[in-house]
Amino acid sequence: MQILNFGSLNIDHVYRVEHFVRPGETLSSTAYRVFMGGKGSNQSIALALAGAPVVHAGKLGSDGGWLKERLAGYGVDTALVEVGTGASGHAIIQVSASGENAIILHGGANREITAADAARVLASFGPGDWLLLQNEISAIPEIMRQAHNRGLTIAFNPAPMHTDVLAYPLELVRLFVVNEIEAAELSGEREPDRILGAMRQRYPGAATVLTLGSDGAAYAGPAGTFRVPAPKVTAVDTTAAGDTSIGYFLAELLRGADPRRALEVACRAAALCVTRPGAADSIPRRAEVEAFTPNFG
């Protein structure tokens, strides 16, 4: 049993500026850094650090070889990461003196994935395996249908959420992992309990994990409906907290944990993540999560 994460690989270009660039203005940055980005790569790293056997499939440009090397360094199987024809997916991120950000996202090679690519990747997987998807690559409906036909269990994190998602074959999904904004779009509800009820009604074959930030997370599915609190921590940077939670939740399921136990571990891992700056660099290793004594006071 293994997890195939068919997901994005991005290069994040981060510029520190006094204020966001105004129309017609040329502005010097005060600092510049380049990071590995993309929800796909973050979730693969979280899975690997949680101890799960994860294979990442996706595309990058000729400028992104270092992304593949870094993924492999975390223990991710990158044999199915290919080089596309264009540039790697990337983001231009302005971070103002007040800490706000403005982002231009270019899908790049992430948007070159086709149904033929899906068939080639999925040929190595079958019943007992999981497929994890986000919403940062192309051909997601085709990937879902082919994975379902091959007997994979599909987990879907519909981020970034947009109306096209509602036309995907969501009836094939067996696990949704969503925040409150994504869940509201999928369910038509705003309040957590009503969201979970609507998700169970609309997608009776699926379980839903609803992340609630500092309020923890909730679950509705075959194992029942329940909430798990988040440990109390001082947050430094919430980047990749959701990705960390997804990785640890799935990793625990693969280890045989029940959903409640899996969600408790996921919330502890996410709590550790937000105490550190950065994305991939903030994701904790399993030993750190196991040694963490949570405070719920």
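The values are calculated or read from the model by the stated rules, or taken from the named source; none is laboratory data. Since the structure is predicted, the reported quantities are computational estimates derived from the model, not experimental observations. Don't worry about glycine lacking a Cβ; one is built from the backbone with ideal geometry, like all the others, and counts go over all protein chains shown.
Here's the yes/no breakdown for (1) modelled with pLDDT of 95 or more; (2) not charged (D, E, K, R):
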{"position": "Thr208", "(1), (2)": "yes, yes"}
{"position": "Ala218", "(1), (2)": "yes, yes"}
{"position": "Pro222", "(1), (2)": "no, yes"}
{"position": "Arg227", "(1), (2)": "yes, no"}
{"position": "Ala235", "(1), (2)": "no, yes"}
{"position": "Ala240", "(1), (2)": "no, yes"}
{"position": "Gly247", "(1), (2)": "yes, yes"}
{"position": "Glu252", "(1), (2)": "yes, no"}
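Which one of these does Glu290 not meet: (1) under 17 Å from the mean Cα position of the chain (by Cα); (2) of a type outside the set (Lys, Arg); (3) in a helix (DSSP H, G or I)?
Tallying (1) under 17 Å from the mean Cα position of the chain (by Cα); (2) of a type outside the set (Lys, Arg); (3) in a helix (DSSP H, G or I), Glu290 fails exactly one: (1).
Report, by residue number, each residue of the stretch 95-114 that is modelled with pLDDT of 90 or more and surrounded by 14 or more Cβ atoms within 10 Å (Cβ to Cβ).
His106, Gly107, Gly108, Ala109, Asn110, Arg111, Glu112, Ile113
If the requirement is being under 17 Å from Gln134 (Cβ atoms) and among the aromatic types (Phe, Trp, Tyr), which of these qualifies: Phe6, Phe35?
Phe6
Inside the stretch 18-54, can you point out the residues that are closer than 27 Å to Asp243 by Cβ and surrounded by fewer than 13 Cβ atoms within 10 Å (Cβ to Cβ)?
Answer for the stretch 18-54, where residues must be closer than 27 Å to Asp243 by Cβ and surrounded by fewer than 13 Cβ atoms within 10 Å (Cβ to Cβ): Ala31, Tyr32, Arg33, Val34.
Hey, any hits in the stretch 60-78 for a residue that's surrounded by fewer than 18 Cβ atoms within 10 Å (Cβ to Cβ), closer than 26 Å to Ala262 by Cβ and touching a helix residue (DSSP H, G or I) at 6+ places or on another chain (Cβ under 7 Å)?
Scanning the stretch 60-78 turns up at least one residue that is surrounded by fewer than 18 Cβ atoms within 10 Å (Cβ to Cβ), closer than 26 Å to Ala262 by Cβ and touching a helix residue (DSSP H, G or I) at 6+ places or on another chain (Cβ under 7 Å).
What residue, among those in the stretch 1-17 that are surrounded by 19 or more Cβ atoms within 10 Å (Cβ to Cβ) and polar (S, T, N, Q), is modelled with the lowest pLDDT?
If we take residues in the stretch 1-17 being surrounded by 19 or more Cβ atoms within 10 Å (Cβ to Cβ) and polar (S, T, N, Q), then Asn10 is modelled with the lowest pLDDT.
Step by step: first the residues of the stretch 246-283, then only those that are in contact with a Leu (Cβ under 9 Å, 6 or more places away or on another chain) and β-branched (Val, Ile, Thr), then the one that is farthest from Asp12 (Cα to Cα). Which residue is that?
Ile246
In the list Ala31, Ala57, Ala79, which residue meets the criterion of being within 19 Å of the chain's Cα centre (by Cα) and of a type outside the set (Val, Ile, Thr)?
Exactly one residue qualifies, and that residue is Ala57.
Hey, among the residues in the stretch 266-287 that are assigned to a loop (DSSP other than H, G, I, E, B) and among the hydrophobic types (A, V, I, L, M, F, W, C), which one's surrounded by the fewest Cβ atoms within 10 Å (Cβ to Cβ)?
Here the answer is Val274.
What's the total number of residues in the stretch 179-206 that are assigned to a loop (DSSP other than H, G, I, E, B) and under 14 Å from Ala217 (Cα atoms)?
The number of residues fulfilling the criteria is 2.
Touching a strand residue (DSSP E or B) at 6+ places or on another chain (Cβ under 9 Å) and either assigned to a loop (DSSP other than H, G, I, E, B) or crowded, with 16+ Cβ neighbours inside 10 Å (or both), is that true of Phe176?
Answer is yes for this residue.
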